[in-house]
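Presented below is the structure to which this report refers.
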């Protein structure tokens, strides 16, 4: 198997291939990994975590928790976290790299403790809006200096609030709930649409009583977290999306992606691919640390265009770039709406996806919150600007596997934020990705 590429500025190319076959063991879920570290770090006792994603985003969260008093070490393939119960004043700035999840969730967690922390990040993260979390956290009593990174967080003495999310956002919901752990009274979050519920599920693993009644989530402040001793992080459905779509659009392909989380609030892409006619089977369904998992069998398929309903967007917001690649190879037109959140991700993903497809010869139309893709046989033969966005980079490399001509990307380094061995894994299945 070829080794993964780790480079910041060297162009990388993906060549057309004839088939993909084998087992694609994708890394642990990024969302669950962040939360496992954060909650273990404030819980009583030691938590042993298996399957943790060792991407840069998650490692920045681990470093931040260490800086605030948690004891975290890796032993072989397991992570051992002994909580600090009460977070401690960090000695220096908390550098969070490219991780928006770290910045927004830690803003809520840190707000509940009497300490001051300065969050910093890379150039991309420093452009991303933080006001969506600072507004409700300020209402709870936290103080902030800066609406973007670098941002100072001054925590302590919080009061519970009832907060209706202006837009569906699991990160904002989670930030408010994490702050609510140390707020006086009952914190209530009301969602306009259901979003991923990993925070709620994992809080229960740590013995926290949290009530979910339709769109309302309620949490009483002052509860102590107790370690569940063991946590297993299932494989990331967002990471699995890349080999899944690659197998669907590459002829004569047959792969298995094992142990993938099947959370119903994360399955929008898979629902959409099935509607498009994808040959996907979910085998050996089982439970793991409060989440359902399954092994996914994927065979190459003749896809057809569909219209994706806007209410499905929160369950697949990270998967629209790779869905757009599937749509480029589908018969007919695929219409995606409700995509406004893509404008404020690691890049303006909506614009980046439209530019990528247009450069590869695909007919595409981007609106302010929509994308319309007319499928066929993408020509390829282009260089894609990734804008330091890991999902754009991986989507472009998948495009190159089935396009008529190779596809280049300007850099592959940022892929390590979520999928450190992406190139190695894909080349092991039969892809030809190289510098």
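Only the coordinates and a few stated rules stand behind these numbers; no lab work does. A quick note: this is a predicted structure, and the numbers were derived from the prediction, not measured. Backbone-built Cβ (ideal geometry, glycine too); neighbour counts: all protein chains shown.
Data for the structure
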quantity	calculated
Cα pair distances in the range 30-231, grouped into 5 Å bins until the bin that holds the longest one, percent each	1, 8, 18, 22, 23, 17, 9, 2, 0
Neighbour-count order for 236, 348, 77, 267, fewest beta carbons within 10 angstrom listed first	77, 348, 267, 236
Order of 262, 356, 230 under a 10 Å beta carbon neighbour criterion, fewest first	230, 262, 356
The range 331-435, Rg to Rh (Cα coordinates; Rh as Kirkwood inverse mean 1/r)	0.96
Size of the range 301-385 as Cα extents on the principal axes (Å, biggest first)	30, 27, 20
Mean ellipticity per residue at 222 nm, deg cm²/dmol - from DSSP H runs of n ≥ 4 across the chain, formula -39500 (n - 2.57)	-8500 deg cm²/dmol
Net lengthening on full extension, residue 138/residue 343 (0.36 nm per residue, minus Cα-Cα)	71.3 nm
Degrees, to the nearest 10: 170-180 long Cα axis against longest axis of the chain	10 degrees
Globularity index of the range 134-265, i.e. its alpha-carbon radius of gyration over 2.2 N^0.38 Å	1.31
Orientation-averaged projected area, Cα convex hull of the range 33-134 (nm²)	6.1 nm²
0 to 90° range, to nearest 10: angle between helix 56-67 axis and the chain longest Cα axis	10 degrees
Cα-based Rg of the chain normalised by 2.2 N^0.38 Å, two decimals	0.95
Length released on extending from residue 405 to residue 88, taking residue separation times 0.36 nm less the Cα-Cα span	108.7 nm
Cα pair count fraction exceeding 18 Å, expressed as % - the range 12-65	48 percent
Share antiparallel - DSSP beta bridges, the chain, percent rounded to 5	75 percent
Share antiparallel - DSSP beta bridges, the range 30-231, percent rounded to 5	70 percent
Inter-label distance, nm, simple model (7 Å from Cα along the C-beta direction), residue 44/residue 252	6.2 nm
Degrees between helix 349-359 axis and first principal axis of the chain (Cα, 0 to 90, nearest 10)	10 degrees
